[in-house]
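Okay, so here's the structure we're looking at.
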Amino acid sequence: MIYSFPLGSLSCVVISDGQPKPPWEPPLAEFFTPESGVPSEELCAVTHGRSSLALGYNCLCVRTPDGLVLLDTGLGKRFFGYGPQIEPLVGVLTDGLATAGYGAADVAAVVFTHLHQDHSRGATWRGESVFPTASAYAHAAEVAYWSSAAATGPHLESARQAIRLFGERLHRFRHDEEILPNVRTVESAGHTPGHTAILLESRGERLLCTGDSFYDPLQLTHPDWCTPWDLDATRSARSRRRLLAWAADENLLVHAYHLPFPGLGTVKRAGAAFTWSPLAPEAPEAPEAPEAPEATASTRSNRKLAAAGRRRASRCPGGDGCRNGDMSDKRQV
Ligand SMILES: [Zn+2]
């Protein structure tokens with residue numbers, strides 16, 4: 001599945017690496033646990049019988065003046081997390097790229113929001129770089145953490161594989177840097193030490209890619225709810241609140257990696273919390289499990305998309321790693 005839309009002069013395509021459907025959706029109770037700060041009774045009170053997450057894997061491909069940029073790369077085949085049953089449903093990023101008219105060798109740069117396997121393994125699962133001519137970008141703290149003895153858990157192998165395979169082509173960035181034309185890093189650490197949101201901006205239109213800042217709209221209505229995958233829950237919640245407030249107050253178009261395809265929407269304030277308004281609700285349905293996904297092109301000019309991303313102000317949300325919030329003088333195309 002792909003979903004194409006313009007952002008200023010940039011051509012963007014959300015490319016799904018997979019959208020598992022029941023029974024392969026992960027249980028809500030695995031993501032929101034008492035240990036991660038979500039009492040079971042509170043979860044039950046707001047889920048209204050829903051027991052699973054509609055977890056998508058929405059990679060974003062952007063044609064910039066410096067070439068094709070891919071934000072996160074999906075799971076790849078042979079995903080470690082759920083076993084072989086789910087494999088036909090994921091790892092279809094390169095199929096979607098082909099539907100969009102691109103080959104893997106056309107990708108000039110891969111930008112990682114972080115190095116968890118469901119974001120990095122799509123670039124490495126073959127044991128060699130899936131994007132043979134691409135450079136890679138990851139936060140310096142992310143690379144340092146996964147390279148250190150402190151790193152453990154199921155994401156370690158794929159993180160180190162990405163670091164190893166990209167080698168000298170892996171660029172370490174800081175927060176609040178324009179790492180590529182129209183591509184700026186935004187501090188959102190906590191989920192991992194170098195977790196980074198990405199702001200795309202062109203001709204006054206902006207798109208905020210939030211990575212794993214939230215998995216489900218429940219984390220907008222309950223922004224302090226964390227998951228077991230947040231390495232630093234306190235910092236993760238703080239980053240989430242800051243990003244959501246920024247997105248709401250400036251009516252940013254938001255790309256949410258894990259929300260149902262295509263994961264595009266806007267955020268509104270609701271008291272001390274937020275709500276999610278998905279855009280492009282006419283997006284094509286994902287295929288039924290266990291059939292392999294069938295690529296479906298969807299190219300639309302959606303006025304709501306452009307309106308949501310249009311600049312209303314020119315401040316970035318600041319944060320621990322944000323040295324300069326003024327983005328008004330940055331290059332546009
Ligand atoms: Zn993820």
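The table below lists the values:
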| quantity | calculated |
| --- | --- |
| Cleavage-rule hits (trypsin sites (Lys or Arg not before Pro)) in segment 151-215: DSSP loop, at most 16 neighbouring Cβ within 10 angstrom | R174, R203 |
| Label point distance in nm, K268-R174, each placed 7 Å from Cα along Cα→Cβ | 3.9 nm |
| Positive dipole terminus of segment 2-309, leading residue within H195, P20, S120 (C-beta point charges) | H195 |
| Check: segment 2-309 dipole with +1 on Lys, Arg Cβ and -1 on Asp, Glu Cβ, in debye | 540 debye |
| DSSP-defined antiparallel bridges as percent of all bridges, segment 2-309, nearest 5 | 70 percent |
| Gained length - D249 relative to T47, 0.36 nm times residue gap less alpha-carbon distance | 70.0 nm |
| Length gained when the stretch K21-T133 is fully extended (0.36 nm per residue, less Cα-Cα span) | 37.0 nm |
| E30 versus A149: modelled label distance in nm, points set 7 Å from Cα along the beta carbon direction | 3.2 nm |
| Extension reserve of the D66-S11 stretch, reckoned as 0.36 nm per residue once the Cα distance is removed | 18.5 nm |
| Where chymotrypsin sites (Phe, Trp or Tyr not before Pro) fall in DSSP loop in segment 79-179, at most 15 other Cβ within 10 Å | F80, Y82 |
| Selection of GluC sites (Glu not before Pro), segment 28-131, meeting DSSP coil and at most 12 other Cβ within 10 Å | E128 |
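Read the figures in this text as sums done on the coordinates, not as results from a lab. Treat the numbers as computed from the prediction; the structure is a model and nothing was measured. FYI the Cβ positions are ideal-geometry reconstructions off the backbone, even for glycines, and counts take in every protein chain you see.
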